[in-house]
Every structure is written in C-alpha cells, then in structure tokens.
Amino acid sequence: MHKSDFQWEIEPANSLLDLKLKDTWEYRDLLMLLVRRDFVSFYKQTILGPLWFFIQPLLTTIMFTFVFGRLAGISTDGLPQPLFYMAGITAWNYFAECLTKTSTVFKDNANIFGKVYFPRLIMPLSIVVSNLVRFAVQLVLFLAVMVFYYVKDASFQPTFALALFPLIVLLMAAQGLGLGMIISAMTTKYRDLAFLVTFGVQLLMYATTVIYPLSAAPQNLKWVLEINPMTAIIETFRYGFLGAGTFSWVSLGYTTLVTGGVLIFGIVIFNKVEKNFVDTV
C-alpha cells in the first residue's frame, strides 16, 4: 500500500505555525452551513425576526441622539446628530458582535469539538461571515437615513475615502476575529474573562469615536483615542460616507499593522489551544 491510499494519517503534533489553512478552505461548505444555522437559529423563535437588524440600531441611535446630542450637547462635526451616531453604531456593531461571539467559541462548542473533526478555525470564521449579513442590512438602513437627510439638504458630502470601504470592513472583521480568538483561547483556563467581555466591549466603545468626533476630544487625551485601532476605522468610515471626521493615512496604516498583528497572533494561539482545550474546558 502507498501512503496516498489512506484517507487518514496519524502524525506527530504539528508545528505551532501549521495553521491548517488549506483544510479550512476545503471545509468551506461547512462554513456556509454554519452561517445559515446561526442566522436561522437566532431568529427562528422571535416575533419580529430579521426586523431586529433594523430595530436595534434605530433605538440605539435615538437614545444616543437624546442623551449625547440633546442633553450633553456633544459636537457631531456639523453633521445631523442621528446620521452621525448611526454611522458610528453601524461600524461599531459589526466589530463588537464579531469580538463578543468569537470570544466564546471554545466554551459554546466544546461538545462538538470533542466529537467531530473539522478545522476549528471554521467556527470563528462562520461568526464573522454571519455577522457580515447583519452588517449589510444595517448598512442599508444607514444609507436610507443618508438619503433622507440628503433630500432635506443636510450638509454632508461623500469623499474619496469611500473607496476604502472594503478595507474598512476587512479591518473590522479581522480585528474582531483576532481579539475574539485570543480571548476565547484564554477563557479555556481563565473563565472570569467570559464575564468581562461584554462589559469590556461597552467600555471600549467610549474610548472610540462612536459618540463623539476625534476633533472634539481634549488635546491631552487625544493620544488615548489615537492608539485605539478602532478609532481610525470609525473616523475613515464617517469621512468616506459623510465627509466629516479626521482622516489620516498614517492612522489607517497604524490600524492596519496592529490589526494584522492581532489577527496572526489570534490564529496562532487559537491553533495552539484547540489541540488540547478539551482537557481544560
């Protein structure tokens, strides 16, 4: 018998950098099945179903407009307040959902991982792709609000940065995926992290320019916002669609480098932990 005659081959433990990306591509059909499962199972027993895609950002925008716009009087760079907040919410929600749901992959799928073989990276990837559907629906809502204010002669103008939109989406997905996998790997030993993720993401939003522009931040604190890699993403998103915000190639380049590093580290540590996490979960 030749080696090629066997379907399975037992080998020594793989290298830390053996990420099995080829296996992940071969299981792409499973990826799509998991995306469909996530979408159907989440809304199957709800009354409003996919309408929650619209309801959540609308209610959040109304609340932000009332609290931060009307009561606190925070600047919105001259943009209509609902439009300003919805831009930040649309981008932030995609990143936050990718991070929070990916951060519990090992805990939520321990039974499946312990019984069936498939590239474990498929699970967090399915979360990112399924959330992309939600992001697309919320983006349509944001564009509808843009059209509404355009008809009302609101002062905003899309810019050349709109061409960077695919890169912005990729950075949001990669950053949420990378951070989520790092946290998921750590929660196999440190369970307390699972309780801190949702709260931590909410706090992180206030350290990002979701509810205020970078231009309104105090000079002595602006550097704190600038080292947050999500800040450049939110600002570029607003600048591209609405022509308001602080756009910088340097900041975007910094965000791209940080995001790439986080993603690579996340995949490596995820690959390391998935080999023996069943013993600790």
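The values are calculated or read from the model by the stated rules, or taken from the named source; none is laboratory data. Remember, it's a predicted structure, so these values are computed and weren't measured experimentally. Virtual Cβ from ideal backbone geometry, glycine too; neighbours counted across all protein chains shown.
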When you go through (1) aliphatic (A, V, I, L, M); (2) in a helix (DSSP H, G or I); (3) out of contact with any Ser or Thr (no Cβ under 9 Å at 6 or more places or on another chain); (4) under 23 Å from Gly69 (Cβ atoms) one by one for Val169, which number turns out not to apply? (4)
List the residue pairs whose Cβ atoms are under 6 Å apart, where the first residue sits in segment 71-98 and is closer than 19 Å to Ala144 by Cβ, the second is small (Gly, Ala, Ser) and part of a helix (DSSP H, G or I), and the two are 6 or more positions apart or on different chains. Gln81/Gly69
Residue hits (segment 135-153; among the aliphatic types (A, V, I, L, M) and in contact (Cβ under 8 Å) with a residue 24 or more places away in the chain) are Val137, Leu139, Leu141, Val145, Met146
Conditions (1) more than 15 Å from the chain's Cα centre (by Cα); (2) closer than 20 Å to Phe64 by Cα; (3) modelled with pLDDT of 85 or more; (4) not basic (Lys, Arg); number of the one not met by Met230: (1)
Test set (1) surrounded by fewer than 17 Cβ atoms within 10 Å (Cβ to Cβ); (2) touching a helix residue (DSSP H, G or I) at 6+ places or on another chain (Cβ under 7 Å) - Pro166 fails condition number: (2)
Given (1) part of a loop (DSSP other than H, G, I, E, B); (2) free of Cβ contacts under 8 Å to residues at least 60 places away in the same chain; (3) closer than 20 Å to Thr61 by Cα, where does Phe199 come up short, assuming only one miss? (1)
Those helices (runs of 4 or more DSSP H) lying entirely in segment 17-75 with at least 1 residues surrounded by 12 or more Cβ atoms within 10 Å (Cβ to Cβ), at pLDDT 70 or above and touching a Phe, Trp or Tyr at 6+ places or on another chain (Cβ under 7 Å): 28-43, 52-64
